[in-house]
Amino acid sequence: MSSLSVLFSPATDYAVKVEDLSITYRTTFERKPTLRSALKRFGRGERAIKEVQAIKNVSFDVRNGTSMGIIGANGAGKSTLMRAMAGILPPTTGSIEVWGRASTLLALGVGFNNALSGRENIILGGLASGLSRKEVEARADLIADWTELGDFIDMPMRTYSSGMSARVGFSVAVHMEPDILMIDEALSTGDAHFREKANAKMAELRDSARAMFLVSHGLGSIKEMCNEAMWLDKGTLMMRGEPEEVVEAYMEFLKVKRSATTTEDI
């Protein structure tokens, strides 16, 4: 039995509750044919199905006012968990309850129409977040100015660099007045000035949003921006607690020496 509920009642201390969540992908791959099967099937490969358990029986709750950092190696299930909480991926088993509207920045540029301008994509992003056309138009110019892209904001996004696309995506996400903000690696793209500006905006949102989730390999950012952290490994919740403690345990697990470089690149 699986379920995902989005609730709007403010009479709770919680922003998100996840209970016994598991998510399994079914993927296909091409097997190399044997000589006999190749002769029988004229050399065509055979399709095989493989199941990947991305999240394994994960349970946690997040109270209002929490800034939750999510860390782990590539393939740990961090982005899968975020997509599930955002309602993009359905649970295989277990349940997810989310109170309020979530604004998601899960992959920079995903959902953008590269043939349209940055300004037009801002409007589309606002509509996709559940705002009315009037609400979106009222803040479109503010968002466009916040990106600091100048004349590029009215050019097709296919002409943008990854950093420019990041500015548009991040700007849309943080200006939708979200109850819950979910960001996946947003701060890893863009120049130093933009990262500083993004940090300041996220700090501002912590005072107004019910909760914030930040997935990042930048462990320094997790310790700076979050008041709680959780560590995933191969779909399993390994630890949850104070960011400093969780990061230290994760680094010890990886046997990585502390340095300015490793805390931003792991």
For this session: Output the number of the condition that M182 fails; it satisfies all remaining conditions of (1) under 26 Å from S22 (Cα atoms); (2) surrounded by fewer than 22 Cβ atoms within 10 Å (Cβ to Cβ); (3) not small (G, A, S).
Result: (2)
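One line per residue, one yes/no per condition, for (1) loosely packed, with under 15 Cβ neighbours inside 10 Å; (2) without any contact (Cβ under 8 Å) to a residue 24 or more places away in the chain; (3) within 15 Å of the chain's Cα centre (by Cα); (4) within 27 Å of K255 (Cβ to Cβ):
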| site | (1), (2), (3), (4) |
| --- | --- |
| K56 | no, no, no, yes |
| G77 | no, no, yes, yes |
| T80 | no, no, yes, yes |
| R83 | no, yes, yes, no |
| G100 | no, no, no, no |
| G125 | no, no, no, no |
| S132 | yes, yes, no, no |
Exercise. When region 218-238 is examined, which residues are found to be over 14 Å from G77 (Cβ atoms) and surrounded by 17 or more Cβ atoms within 10 Å (Cβ to Cβ)?
Worked result: G218, L219, S221, I222, K223, M225, C226, E228, A229
Problem set entry | Residues of region 246-261 that turn out to be of a type outside the set (A, V, I, L, M), surrounded by 14 or more Cβ atoms within 10 Å (Cβ to Cβ) and at pLDDT below 80, as a count | 0
Exercise. Can you tell me which residue in region 194-208 is surrounded by the fewest Cβ atoms within 10 Å (Cβ to Cβ), limited to those that are over 18 Å from L149 (Cα atoms) and among the acidic types (D, E)?
Worked result: D207
Exercise. Which ones in region 112-155 are more than 20 Å from D179 (Cα to Cα), outside any helix (DSSP H, G or I) and in contact with a strand residue (DSSP E or B) (Cβ under 7 Å, 6 or more places away or on another chain)?
Worked result: N114, A115, L116, S117, M155
Problem set entry | Of residues in region 124-182 being closer than 25 Å to V98 by Cβ and among the polar types (S, T, N, Q), the one modelled with the lowest pLDDT | S129
For this session: Could you tell me which numbered condition S79 fails, if it satisfies all but one of (1) at pLDDT below 90; (2) of a type in the set (S, T, Y); (3) touching a Cys at 6+ places or on another chain (Cβ under 6 Å)?
Result: (3)
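The values are calculated or read from the model by the stated rules, or taken from the named source; none is laboratory data. As the structure is a prediction and not an experimental result, all values here were calculated from the model. Note that each Cβ is placed from the backbone with ideal geometry, even for glycine, and that neighbours are counted across all protein chains shown.
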